[in-house]
Amino acid sequence: MQIVVTIKQVPDTAEIRIDPKTGNLIREGVESIINPDDRHAIEAALQIREKLGGSVTGICMGPPQAIDAISEALGLGIDKGILLMDNYFAGADTWATSFTLGRAVEKIGDCDLIICGHQAIDGDTAQVGPQLAEYLNIPQITYVKDIEEATDKKIVVKCMTDKGYERIECPLPALITVMRQLNEPRFPRFDWLINACREKAPIETWNAADLGVKASQVGLQGSLTNVINTFSPKFERRGEILEGTAEKTVKDFMKILEENKLI
Amino acid sequence: MLRSNVEELLKQCTSRFVKSQIMPQARKWDENKQYPLENMKKFAELGLLGLRIPKKYGGSGRGLLDAVIVLEQIAKADASTAVNLHVQLNASPLFVMLYSGEEVKRKLLPALVSGKALFSMAQTEPEVGSNLTELRTLARVEGSYYVVNGTKTMITMGSIAHVHLVYLRFDDDNSIGCLLLEKETKGFSVGKSENFLGLRGLGSTELVFQDCRVPKENLLLKGPGSLRKMLTLFNGTRVGLASISLGIAGAAFEEALKYSKLRTISGKPLIAFQGLQWKLADMAITLEAMKHLVYSAAKDTKLNGFPDQFTSSAARIFSSEGAIKIANTALDIFGGYGYSKEFPMERYLREAKGMTFVGGTIDVLRNAIGSYLSKKNM
Ligand SMILES: Cc1cc2nc3c(=O)[nH]c(=O)nc-3n(C[C@H](O)[C@H](O)[C@H](O)COP(=O)(O)OP(=O)(O)OC[C@H]3O[C@@H](n4cnc5c(N)ncnc54)[C@H](O)[C@@H]3O)c2cc1C
Ligand SMILES: Cc1cc2nc3c(=O)[nH]c(=O)nc-3n(C[C@H](O)[C@H](O)[C@H](O)COP(=O)(O)OP(=O)(O)OC[C@H]3O[C@@H](n4cnc5c(N)ncnc54)[C@H](O)[C@@H]3O)c2cc1C
């Protein structure tokens with residue numbers, strides 16, 4: 001079983017702050033980590049490999065410092081890491097990101113299963129997984145919270161829905177995006193982290209030329225969206241006082257909760 | 001070729017592991033005077049116990065600097081766990097690496113890497129602490145065995161270790177040396193357990209040897225020159241201990257700084273008061289100086305891979321005293337809450353104090369600096 005895991009390096013904070021003047025993310029003093037959902041993706045891949053054999057390749061598009069995400073993934077036990085790095089890749093929107101990752105998957109070749117995190121804690125769109133599957137023209141299952149069965153031919157998963165879950169069986173090759181409910185990620189091994197920093201570590205860096213893509217297809221130039229403005233939304237409290245008998249106010253209160261999909 | 005910086009990677013990954021696996025339980029271990037057995041198991045699973053063991057015995061073959069980086073992070077959460085690990089990384093197994101025969105190395109080093117052979121370092125005796133040359137535990141030569149009699153006290157991991165590195169006197173040449181005594185040896189028993197003020201997770205106990213027969217291949221050092229060899233190794237262990245003090249101080253400072261920004265008095269955060277700013281400034285300066293001393297000692301490998309006596313002693317003395325000062329002021333900044341067991345501040349102070357004794361008192365270490373200075377040509 002050949003598995004590819006997509007790994008994004010993100011700033012370590014659920015609360016991204018945005019510079020009000022420039023609209024850019026404030027990255028200063030914030031440590032970079034593997035996107036939390038991707039840890040679950042890596043764990044899932046390792047567990048499948050432990051059962052079925054094969055190999056797990058991690059791919060990450062990012063700046064040079066994203067090498068740390070690859071090294072940590074090697075510490076966790078993936079077999080090989082590929083960093084997609086090129087000035088031309090910078091400023092990619094979700095489509096350009098998915099396209100670049102897709103070209104990398106094609107270059108790797110013969111891949112049975114692609115596992116992505118559901119959502120990145122910084123970009124937060126949850127689009128890359130689905131777009132990557134579309135680009136590769138393979139089936140996709142999103143919101144996966146349980147992998148019941150994986151064989152060389154098919155995968156059986158439970159994925160979350162608003163009301164509960166769906167159980168889906170899907171032939172391979174396929175792409176799944178996974179939720180944190182899926183598993184308990186392991187910690188990297190110290191000896192493998194050390195090995196990941198050595199010259200002969202199984203890490204490759206691929207640039208635009210390696211992927212055979214033109215500058216106009218990737219990064220800012222290849223992006224279909226245009227960011228016009230970025231801002232932190234203001235949160236305002238809205239107060240509402242319910243009046244009437246206890247019975248009526250409780251009923252009204254329940255209605256509000258239901259309407260806002262809080263229960 | 002693009003590669004991660006190994007030191008930075010180890011630091012970040014250790015810190016994340018520590019925050020999720022060690023920090024949440026440190027208070028419980030302290031209150032119950034509990035040796036956290038699960039930590040050593042996890043360290044073995046994560047390949048950490050082999051950090052400094054050569055590759056041919058299953059380790060990673062790294063140096064003191066990496067050990068210091070890891071210990072500092074662990075000590076931020078639980079200094080006892082850090083001391084226990086320090087003994088495995090920087091103390092007893094290094095004696096085995098340097099002074100055991102090949103057969104013993106093949107038996108013990110891979111076993112350490114997998115967590116099956118954990119070590120203690122047994123030096124202190126009820127009547128002899130600071131002065132190694134007065135040790136009373138005696139090894140009598142009898143054919144192909146040494147017969148050991150005596151008692152050790154306050155031994156870290158005494159109740160846990162599978163192999164005890166015992167410092168003792170040999171009756172035939174009256175020299176001070178050391179050998180390895182395995183837990184299963186007939187006549188060996190674990191004595192009373194210590195009830196320390198802090199560092200309560202060390203599993204500290206007495207060790208009792210009654211006619212313990214130790215095979216000759218377990219000998220490490222004996223005869224003239226042994227003491228000098230042991231002292232060189234101590235230069236390295238000191239820096240390991242210093243990094244633990246650094247970790248305790250770092251944790252205390254970070255907590256105090258955070259608190260000083262959250263807690264308000266008359267509408268102002270504590271840090272807005274100049275009196276408190278000065279305290280925090282002094283803490284930050286001391287911490288920075290500690291860091292420099294510890295890391296420059298960890299990078300110093302003048303003596304066959306070991307730091308020299310002055311650098312290592314200075315790092316340990318300065319950081320154990322610095323940690324007490326920082327932990328003490330950090331406790332003050334928390335006010336009455338600092339004195340409460342609800343918060344870790346009082347534990348940091350107890351741990352910092354304990355670090356002045358582990359591996360010998362810092363006053364005795366001043367003697368080492370004194371003798372270095374008196375020999376030094378100006
Ligand atoms: C300078 C700059 C400019 C940008 N401009 C735009 C823009 O104009 N329009 C726009 O829409 N976005 C823009 N972005 C955001 C960028 O497109 C997204 O961060 C990126 O496409 C991933 O989307 P996401 O974070 O929402 O990931 P999600 O779709 O939420 O991530 C889901 C999963 O996809 C995988 N994944 C995502 N990104 C990567 C990656 N880089 N490498 C490997 N795996 C990955 C991971 O497994 C992740 O868990 C910009 C970012 C930068 C740094
Ligand atoms: C938490 C903890 C863990 C420990 N772990 C271990 C362990 O794993 N293995 C082990 O062998 N031991 C261990 N010890 C014991 C420790 O090494 C000894 O306590 C230390 O060496 C001091 O010995 P002592 O207690 O007998 O004090 P003493 O030697 O009796 O000293 C008493 C006082 O006299 C001072 N003093 C002694 N000699 C001089 C001198 N020449 N000049 C000036 N002052 C002097 C000392 O500084 C001290 O203040 C541990 C102790 C503690 C508290």
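The values are calculated or read from the model by the stated rules, or taken from the named source; none is laboratory data. The structure displayed is predicted, hence computed values, not measured ones. Ideal geometry is used to build each Cβ from the backbone, glycine not excepted, and the neighbour counts take in all protein chains shown. Only protein heavy atoms, including side chains, enter the accessible area calculation; ligands, DNA and RNA are left aside. Shrake-Rupley method; radii C 1.70, N 1.55, O 1.52, S 1.80 Å.
The alpha carbons of the range B:5-113 stretch over 42, 35, 19 Å along the principal axes, in descending order. In the range A:63-79, comparing the full protein assembly with the chain on its own, the residues that lose 30 Å² or more of accessible surface at a 1.4 Å probe are A:Ile67, A:Asp68, A:Glu72.
Computed from the C-beta positions of A:Asn229 and A:Thr13, the FRET efficiency with R₀ = 22 Å rounds to 0.50.
Please compute the net charge surrounding B:Arg106, taking Lys and Arg as +1 and Asp and Glu as -1 over other residues with Cβ under 12 Å from its Cβ. In short, 0. In whole angstrom, how far apart do the alpha carbon centroids of the range A:88-104 and the range B:3-39 sit? Using only Cα atoms to place each centre, the spacing works out to 37 Å. Dividing the mean sequence gap of close Cα pairs (under 8 Å, 6+ apart) by how many residues the range A:69-188 holds gives a relative contact order of 27 percent.
Of all DSSP beta bridges located in the protein assembly as shown, what percent are antiparallel, nearest 5?
About 60 percent, rounded to the nearest 5.
The angle separating the long axis of helix B:79-90 from the principal Cα axis of greatest extent in chain B is about 40 degrees. Counting Lys and Arg as +1 and Asp and Glu as -1 over every other residue whose Cβ lies under 10 Å from the Cβ of A:Leu76, the net charge comes to +1. Projected label points at B:Asp363 and A:Gln47, each 7 Å from Cα along the beta carbon direction, are separated by 5.8 nanometres. According to the Cα-based calculation, Rg over Rh for the range A:211-256 is 1.55, with Rh computed by the Kirkwood formula. At an R0 of 25 angstrom, the distance between the Cβ atoms of A:Thr151 and A:Asp79 translates into a FRET efficiency of 0.80. Shown in residue order for the range A:140-154 are the 3J(HN,Hα) couplings computed by the Karplus curve 6.51 cos²θ - 1.76 cosθ + 1.60 at θ = phi - 60°: 10, 10, 9, 6, 6, 10, 7, 10, 7, 8, 9, 10, 5, 9, 8 Hz (x for Gly and Pro). Evaluated on the range B:57-128, the Kirkwood hydrodynamic radius is 13.4 Å, with distances taken between all distinct Cα atoms.
Within the accessible surface of the protein assembly as shown, defined with a 1.4 Å probe on protein heavy atoms only, the carbon and sulfur portion equals 52 percent.
In whole angstrom, how far apart do the alpha carbon centroids of the range A:115-131 and the range A:209-253 sit? Between the Cα centres of the range A:115-131 and the range A:209-253 lies a distance of 15 Å.
Based on Cα contacts under 8 Å between residues 6+ apart, the range B:260-374 shows a relative contact order of 22 percent. Per the Kirkwood formula applied to alpha carbons, the range B:180-315 shows a radius of gyration over Rh ratio, Rg over Rh, of 1.17. The Cα center of the range B:281-340 and the Cα center of the range B:202-273 differ in position by 11 Å. Whole-Hz Karplus values for the range B:195-209 come out as 10, 7, 5, x, 6, 7, x, 8, x, 6, 8, 7, 10, 10, 10 Hz, taken residue by residue from phi with 6.51 cos²θ - 1.76 cosθ + 1.60 and θ = phi - 60°; glycine and proline positions read x.
Our Cα-only numbers for chain B put the radius of gyration and Dmax at 21.1, 79 Å. Listed by chain and number, the lysines whose C-alpha is less than 16 Å from the C-alpha of B:Lys55, apart from same-chain residues fewer than 8 away, are A:Lys200, B:Lys105, B:Lys107. Charging the Cβ of each Asp and Glu at -1 and of each Lys and Arg at +1, and nothing else, the dipole of the protein assembly as shown about its Cα centre rounds to 1460 debye. The mean accessible area for residues of the range B:85-133, using a 1.4 Å probe and ignoring ligands and nucleic acids, is 37 Å² per residue. Using the Karplus relation 6.51 cos²θ - 1.76 cosθ + 1.60 with θ = phi - 60°, the per-residue 3J(HN,Hα) values for the range A:164-173 come to x, 9, 10, 9, 10, 10, 9, x, 9, x Hz, with x marking Gly and Pro. Every Cα-Cα pair in the range B:226-275 was counted, and those over 13 Å apart are 69% of them. The mean count of C-beta atoms from other chains within 10 Å of the C-beta of residues in B:41-52, rounded to a whole number, is 3.
Seen from B:Val148, the other residues with C-beta closer than 13 Å to its C-beta sum to a net charge of +3, counting Lys and Arg as +1 and Asp and Glu as -1. Pairs of Cα atoms in the protein assembly as shown fall into 20 Å distance bins, from 0 up to the last occupied one, in shares of 17, 41, 32, 10, 1 percent. Axis of helix B:64-77 versus longest Cα principal axis of chain B: the two differ by about 50°, to the nearest ten degrees.
Qualifying trypsin sites (Lys or Arg not before Pro) in the range B:27-105, where qualification requires a DSSP coil assignment and no more than 15 other C-beta atoms within 10 Å, are lacking entirely. Averaged over its residues, the range B:226-375 has an accessible area of 46 Å² per residue, based on protein heavy atoms and a 1.4 Å probe. Binning the alpha carbon pair distances of the range B:226-375 at 5 angstrom intervals from zero yields the distribution 2, 11, 18, 19, 16, 12, 9, 7, 4, 2, 1, 0, 0, expressed in whole percent. The spread of Cα positions in the range B:141-257, taken along each principal axis and listed from longest to shortest, comes to 62, 32, 19 Å. Using only alpha carbons, the range A:169-263 has a radius of gyration to Kirkwood radius ratio (Rg to Rh) of 1.21. With the alpha-carbon atoms of chain A aligned to their principal axes, the span from lowest to highest coordinate is 73, 48, 38 Å, starting with the largest.
Report, in listed order, any pair from A:Lys107/B:Lys56; A:Lys51/B:Lys41; B:Lys116/B:Lys216; B:Lys56/B:Lys229; B:Lys76/B:Lys353; A:Lys158/B:Lys11 with a Cα-Cα distance greater than 26 Å. Pairs exceeding the cut-off: A:Lys107/B:Lys56; A:Lys158/B:Lys11. When the Cα positions of A:Ser216, A:Gln65, A:Cys197 are compared along the charge dipole of chain A, A:Ser216 comes out farthest toward the positive end, with charges on each C-beta of Lys, Arg, Asp and Glu.
Mind grabbing the interface size between A and B? I mean buried accessible area, both sides, 1.4 Å probe, in Å² to the nearest hundred.
Buried area (both sides, nearest 100 Å²): 2200 Å².
Springs join every pair of Cα atoms under 10 Å in this Gaussian network model of chain B, and among B:Gly223, B:Gly47, B:Gly267 the largest mean-square fluctuation is at B:Gly267. Note on the range A:77-136: semi-axes of the ellipsoid equivalent to its C-alpha gyration tensor, largest first and rounded to whole Å, are 18, 15, 13.
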